Amino acid sequence: MEHQQIIFSNAIPEAIESILKELDFNKAVIITDVNTHQFAFPKIADSPAVKGVPCIIIKSGDTYKTMETATTVWKQLEVAGATRRTVVINLGGGVVTDLGGFAASVFKRGLRFINIPTTLLGAVDAAIGGKTGVNFNGLKNEIGVFNEACAVVVSTLFFDTLPPTELKSGYAEMLKHGLLSDRQYFADLLNHDILDGDREHLLGLLKRSVIIKRDIVAADPHEQGLRRALNLGHTAGHAFESLAMKRMEPVPHGYAVAWGLVVELILSHMIYKFPSDILHTVADFVRDNYGTFPITCDDYDTLLALMRHDKKSLGGEINCSLLADVGDIKLGTIVSSDDIKASLDIYRDLLQ
């Protein structure tokens with residue numbers, strides 16, 4: 001599988017023009033959400049590449065990442081006269097790139113699409129790697145396909161429009177990439193102030209993170225082996241996220257991943273002797289920057305049920321990607337209910 005084209009640049013209009021020049025297409029359609037259209041789109045609206053291009057504007061937020069919203073997009077693609085030679089430009093965070101990529105992938109059996117992530121989380125996670133989809137029946141990303149964007153433009157141009165919560169959410173995925181790679185990059189991430197306004201320095205860290213993910217995805221595009229390493233923190237994290245949705249108190253995805261990283265590094269220490277000093281360093285960083293997700297032992301059975309329903313779990317067994325050390329990945333570890341309950345106890349001790 002060839003690497004998708006990834007352009008690291010804050011000159012976004014020029015990047016879009018260079019991508020479109022290489023594509024044989026009859027028209028473009030932009031998908032944004034309400035917030036992106038208000039705050040991000042004006043930064044590129046005067047570019048010849050997008051001037052006059054029809055915009056499909058969806059509602060903002062993960063609660064609208066649904067089949068109903070996808071149906072609305074398909075109807076508007078019909079109205080716009082989209083054909084199989086149409087290119088979709090997804091301008092937004094993870095909801096827009098996930099849903100827009102899914103809508104494009106199945107409309108007329110597949111339109112090409114370009115992802116322009118406007119959030120740090122979208123840039124480092126959702127826009128790269130070809131996972132598209134929508135939430136269904138209360139479960140995250142339950143319906144979707146693997147299909148890569150033909151190009152991704154990674155930039156920090158839009159980050160000044162983001163609240164601190166959004167920046168921290170994306171940074172959690174970068175921390176995960178640091179844990180999967182090497183101690184030096186991981187240390188660089190821990191030493192960076194997430195809310196520092198130096199966008200060029202952040203772009204440098206972001207580039208390293210995206211390349212780590214890109215190389216893993218290229219080696220395993222359909223998540224048969226190595227790509228499962230990218231699930232570090234996500235088995236527990238998705239369970240926290242789903243429990244928060246059940247409570248009608250949704251939490252940002254990256255925050256759930258940060259808390260999930262702590263749980264899964266505890267499991268890594270219990271099973272593979274992951275260094276306790278690094279575990280405590282991560283727990284301190286997470287507590288200081290993300291707070292905690294409040295749980296009691298009464299929540300354990302619900303969390304276990306959610307983990308069993310995770311797409312990575314097989315036959316009711318809970319399957320985690322863990323670490324023996326930074327960069328020493330242990331794929332497909334079956335974790336017992338007792339070990340998970342013990343890790344949740346320790347999580348509460350470390351973060352609450």
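The values are calculated or read from the model by the stated rules, or taken from the named source; none is laboratory data. Values in this document were obtained by computation on a predicted structure and should not be read as measured data. Here Cβ is always computed from backbone atoms with ideal geometry, including for glycine, and neighbour counts include all displayed protein chains. Remember, those area values only see protein heavy atoms, side chains included, never the ligands or the DNA or RNA. Shrake-Rupley method; radii C 1.70, N 1.55, O 1.52, S 1.80 Å.
When restricted to Cα atoms, the stretch 218-352 yields an Rg and a Dmax of 13.9, 41 Å, respectively. With no solvent and one point per C-alpha, what does the Debye sum give as log10 I(q)/I(0) for the stretch 285-329 at q = 0.18, 0.21 Å⁻¹? Debye intensities relative to I(0), on a log10 scale: -0.83, -0.94.
With a Förster radius of 30 Å, plug the Cβ-Cβ distance of Asn191 and Thr161 into 1/(1 + (r/R0)^6) and report the FRET value to the nearest 0.05.
The formula returns an efficiency of 0.70 here.
Taking all Cα-Cα distances within the chain, those exceeding 36 Å account for 18%. The apolar share of the surface of the stretch 53-174, taken as the fraction of accessible area on carbon and sulfur atoms (1.4 Å probe, ligands and nucleic acids excluded), comes to 55 percent.
Give the dimensionless ratio obtained when the Cα radius of gyration of the stretch 131-231 is divided by 2.2 N^0.38 Å.
Against the empirical 2.2 N^0.38 Å value, I get 1.18 for the stretch 131-231.
Normalised by 2.2 N^0.38 Å, where N is the number of residues, the C-alpha radius of gyration of the stretch 24-113 stands at 0.99.
For the stretch 1-75, the set of chymotrypsin sites (Phe, Trp or Tyr not before Pro) satisfying both a DSSP loop assignment and a count of at most 11 other C-beta atoms within 10 Å is empty. Here the relative contact order of the chain, from alpha carbon pairs under 8 Å that lie six or more residues apart, stands at 14 percent. Taking a straight Cα-Cα cut-off under 19 Å and skipping sequence neighbours fewer than 8 places away in the same chain, the lysines within cross-link reach of Lys51 are Lys21, Lys27, Lys43. If R0 equals 30 Å, the separation of the Cβ atoms of Asp220 and Asp182 corresponds to a calculated FRET efficiency of about 0.95. Antiparallel beta bridges, as assigned by DSSP with both residues in the stretch 47-181, represent about 25 percent of the total such bridges.
Take the Cβ-Cβ distance between Val53 and Ala244 as r, set R0 to 51 Å, and report the resulting FRET efficiency rounded to the nearest 0.05. Efficiency at R0 = 51 Å is approximately 0.90. Note on the stretch 49-180: Cα Rg divided by 2.2 N^0.38 Å, N the number of residues, gives 1.03. Among the DSSP helices (H) of the chain, those spanning at least 27 angstrom by Cα along their long axis with an average Kyte-Doolittle hydropathy of -1.0 or more are 199-219; this is a geometric and hydropathy rule only.
Within the same chain, aspartates and glutamates fewer than 8 places from Lys207 are excluded, and of the rest, those with a Cα less than 14 Å from its Cα are Asp125, Glu173, Asp188, Asp215.
Solvent-accessible surface of the chain, averaged per residue with a 1.4 angstrom probe and all protein chains in place: 41 square angstrom. Ranked by solvent-accessible area (1.4 Å probe, protein heavy atoms only, all chains present), the residues Val95, Val145, Val217, Val34 order from largest to smallest as Val34, Val145, Val95, Val217. At full extension, His280 and Asp198 could sit 26.7 nm farther apart than now, given 0.36 nm per residue minus the alpha carbon distance. Here the Karplus curve 6.51 cos²θ - 1.76 cosθ + 1.60, taken at θ = phi - 60°, turns the phi angles of the stretch 137-142 into couplings of 6, x, 10, 5, 6, 6 Hz, with x standing for Gly and Pro. Expressed as a whole percent, the accessible surface of the stretch 197-283 that belongs to carbon and sulfur atoms is 56, based on a 1.4 Å probe.
Across the options Phe159, Val134, Ser169, the greatest Cα extent toward the positive end of the charge dipole of the stretch 95-222 (unit charges at beta carbon of Lys, Arg, Asp, Glu) belongs to Val134.
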